[in-house]
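Right, one structure below, let's go through it.
The values are calculated or read from the model by the stated rules, or taken from the named source; none is laboratory data. Note that the structure is a prediction, hence the values are computed from the model and not measured. Here the Cβ positions follow ideal geometry from the backbone for every residue, glycine too, while neighbour counts run over all protein chains shown.
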Amino acid sequence: MLAAVLTELNHISLQEVPTPTVDDDSALMRVEATSICGSDIRIYRHGNPRVKPPAILGHEASGTIVAVGKNVTRVKVGDRVALGADFPCGECKWCRNGLLNNCKVNYAVGYQIPGAFAEYMLLPKLLLQGPVTPIPDSLSFEEAALAEPLACAINGFELVNLSLGKSVVIIGLGPIGCMMIDLARIMGATKVIGVQRSKLRMEIAKTYGADVYIDPNEEDVVARCREETGGDGPDIVITAAGSVESHEQAIEMVGQRGYVNLFGGLAKNARPMCIQSNIIHYKECFVTGSHGSTPRHHELAVDLLAKGLVRVKPLMTHRFPLSQINAAFDAMEGRAGMKIMLQHHEA
């Protein structure tokens, strides 16, 4: 099969590699759609201790089951499925209690096991005990592939106790930030404020219907967000941008007893965050982070996509065949659009 193999930092090689074969406890998925995640770019440029080249990346994926081992009952040949990224070690207290994204081993698709930037992907026993979610015929493979980042967004909003009547600021209106606008609405937010520097991304984000859009190149984000919330500051601030500045602004603007989620991951060379701890002390605010998701979040994400409650079609701005993955990575790094989708098989 054709696979995109990370051979070393800054280098992905297209290779013909053996198609995986199933054992008694695994299944084989024909990959139908994947999208490139920002974390794939960080691994490509900076590495990750859980990724040992040569490695196949890719975790935002969907496909069709084409073979199963004799002991497999979770899926059958012909099933259409979407994958989450995090799967359980099966032994620690976090995995036993369903919080496998907090597992210290931190098994993930495209990290310790070969990922989905290939024509076929093996689903081992542990993955089959995690986020492998059936998708209805009404949901396209491309939409289903984006259940993984949506699941992460659901996890992030749950950790900040989003509920009916809250005001929410989303800093960074890339693909996840746009999904969060829809998600905030269905979870009860009555005022949604979006912050975005890129004019291209802002134009797409405006189709998601936030109440207020702010360009930080043109105005003071903290002052405007306070103004838009009656001077009190927002109830919830999510940083869906990978910048230290957004983290600092979030804590500065959040209201009393509000919640901040430092959602966006940072590059290894990012400077440390600088914030006066007294701000947190006197506001009695809550600062958290979130990463990954659980199978429950992934199942919810598939359901929300299938019902059209969270829209992802407007985010799919570029499509490349797997054979052009280097061009796809260039488009992703250049912020040429929103979601960069990979097509794995010739029509």
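Would you tally the residues in segment 193-213 being of a type outside the set (D, E) and either free of Cβ contacts under 8 Å to residues at least 24 places away in the same chain or surrounded by fewer than 24 Cβ atoms within 10 Å (Cβ to Cβ) (or both)? Before you say what the answer is, go through the steps one by one.
From segment 193-213, those of a type outside the set (D, E) are 193-202, 204-210, 212-213; that's our starting set.
Now drop any that are not either free of Cβ contacts under 8 Å to residues at least 24 places away in the same chain or surrounded by fewer than 24 Cβ atoms within 10 Å (Cβ to Cβ) (or both), which leaves 197-202, 204, 206-209, 212-213.
Residues in segment 193-213 being of a type outside the set (D, E) and either free of Cβ contacts under 8 Å to residues at least 24 places away in the same chain or surrounded by fewer than 24 Cβ atoms within 10 Å (Cβ to Cβ) (or both): 13 in total.
Any residue at all in segment 243-250 that is of a type in the set (D, E, K, R) and in contact with a Cys (Cβ under 7 Å, 6 or more places away or on another chain)?
First, the residues of segment 243-250 that are of a type in the set (D, E, K, R): 245, 248.
Those still in the list that are in contact with a Cys (Cβ under 7 Å, 6 or more places away or on another chain) too: 248.
Within segment 243-250, one or more residues are of a type in the set (D, E, K, R) and in contact with a Cys (Cβ under 7 Å, 6 or more places away or on another chain).
In segment 94-147, which residues are of a type in the set (G, A, S) and surrounded by 20 or more Cβ atoms within 10 Å (Cβ to Cβ)? Spell out the reasoning first.
Narrowing segment 94-147 to residues of a type in the set (G, A, S): 98, 108, 110, 115-116, 118, 130, 138, 140, 144-145, 147.
A108, G110, G115, A116, A118, G130, A144, A145, A147, listed by residue number.
Take segment 86-136 and flag every residue that is assigned to a loop (DSSP other than H, G, I, E, B), touching a residue at least 60 places away in the same chain (Cβ under 8 Å) and among the aromatic types (F, W, Y).
Y111, F117
Just checking, does segment 316-323 include any residue being of a type in the set (S, T, N, Q), touching a Lys or Arg at 6+ places or on another chain (Cβ under 7 Å) and within 28 Å of L200 (Cβ to Cβ)?
Initial filter on segment 316-323 (of a type in the set (S, T, N, Q)): 317, 323.
From what's left, touching a Lys or Arg at 6+ places or on another chain (Cβ under 7 Å): 317.
Okay, now just the ones that are also within 28 Å of L200 (Cβ to Cβ), so 317.
Within segment 316-323, one or more residues are of a type in the set (S, T, N, Q), touching a Lys or Arg at 6+ places or on another chain (Cβ under 7 Å) and within 28 Å of L200 (Cβ to Cβ).
Mind listing whichever residues of segment 238-253 are more than 22 Å from I41 (Cβ to Cβ) and without any contact (Cβ under 8 Å) to a residue 60 or more places away in the chain? Explain how you work it out, then say what you get.
First, pick out the residues of segment 238-253 that are more than 22 Å from I41 (Cβ to Cβ): 248-253.
Correct list: E248, I251, E252.
Which numbered condition in (1) touching a Ser or Thr at 6+ places or on another chain (Cβ under 6 Å); (2) of a type outside the set (V, I, T); (3) farther than 28 Å from L99 by Cα; (4) surrounded by fewer than 16 Cβ atoms within 10 Å (Cβ to Cβ) is the only one that P234 fails?
With (1) touching a Ser or Thr at 6+ places or on another chain (Cβ under 6 Å); (2) of a type outside the set (V, I, T); (3) farther than 28 Å from L99 by Cα; (4) surrounded by fewer than 16 Cβ atoms within 10 Å (Cβ to Cβ) applied to P234, the lone miss is (4).
For the structure I just gave you, tell me whether L57 is on the phi < 0 side of the Ramachandran plot, touching a residue at least 12 places away in the same chain (Cβ under 8 Å) and crowded, with 18+ Cβ neighbours inside 10 Å. Quick ask: steps written out before the conclusion?
Numbers: on the phi < 0 side of the Ramachandran plot: yes; touching a residue at least 12 places away in the same chain (Cβ under 8 Å): yes; crowded, with 18+ Cβ neighbours inside 10 Å: yes.
Spelling it out, L57 is indeed on the phi < 0 side of the Ramachandran plot, touching a residue at least 12 places away in the same chain (Cβ under 8 Å) and crowded, with 18+ Cβ neighbours inside 10 Å.
Which strands (runs of 3 or more DSSP E) sit wholly inside segment 1-78 and have at least 2 residues that are under 18 Å from the mean Cα position of the chain (by Cα), assigned by TED's automatic domain parsing to the domain that holds A328 and of a type in the set (G, A, S)? I'd like the intermediate steps shown before the answer.
On the way: elements: 2-8, 11-16, 27-35, 60-68.
Ranges flagged: 27-35, 60-68.
Answer with yes or no whether V260 is at pLDDT 95 or above, over 30 Å from A331 (Cβ atoms), buried (at least 19 other Cβ atoms within 10 Å of the Cβ) and touching a Cys at 6+ places or on another chain (Cβ under 6 Å).
Criteria not met by V260.
Which pairs have Cβ atoms under 7 Å, sit 6 or more apart or on different chains, and link a residue in segment 15-33 that is more than 19 Å from A61 (Cα to Cα) to one that is basic (K, R)?
Within 7 Å, the pairs are D24/K70; D25/K125.
Among the candidates L150, L159, single out the residue that is touching a residue at least 60 places away in the same chain (Cβ under 8 Å), within 29 Å of Q112 (Cα to Cα) and surrounded by fewer than 20 Cβ atoms within 10 Å (Cβ to Cβ).
Numbers: L150 fails: surrounded by fewer than 20 Cβ atoms within 10 Å (Cβ to Cβ).
L159 is the lone residue from the list that is touching a residue at least 60 places away in the same chain (Cβ under 8 Å), within 29 Å of Q112 (Cα to Cα) and surrounded by fewer than 20 Cβ atoms within 10 Å (Cβ to Cβ).
Taking helices (runs of 4 or more DSSP H) that do not extend beyond segment 266-347, which have at least 2 residues that are farther than 20 Å from G174 by Cα and free of Cβ contacts under 8 Å to residues at least 40 places away in the same chain? It would help to see each step written out before you state the result.
Details: elements: 277-283, 295-306, 325-333.
The qualifying helices (runs of 4 or more DSSP H) are 277-283.
Can you tell me which residue within segment 79-91, out of those that are at pLDDT 95 or above and surrounded by fewer than 22 Cβ atoms within 10 Å (Cβ to Cβ), is farthest from the chain's Cα centre (by Cα)?
The qualifying residue farthest from the chain's Cα centre (by Cα) is D79.
Mind listing whichever residues of segment 244-262 are in a loop (DSSP other than H, G, I, E, B) and under 16 Å from G156 (Cβ atoms)?
Result: V254, G258.
Any idea which of A189, A205, A241 is part of a loop (DSSP other than H, G, I, E, B), in contact with a helix residue (DSSP H, G or I) (Cβ under 8 Å, 6 or more places away or on another chain) and either assigned by TED's automatic domain parsing to the domain that holds M332 or of a type outside the set (K, R) (or both)?
A241
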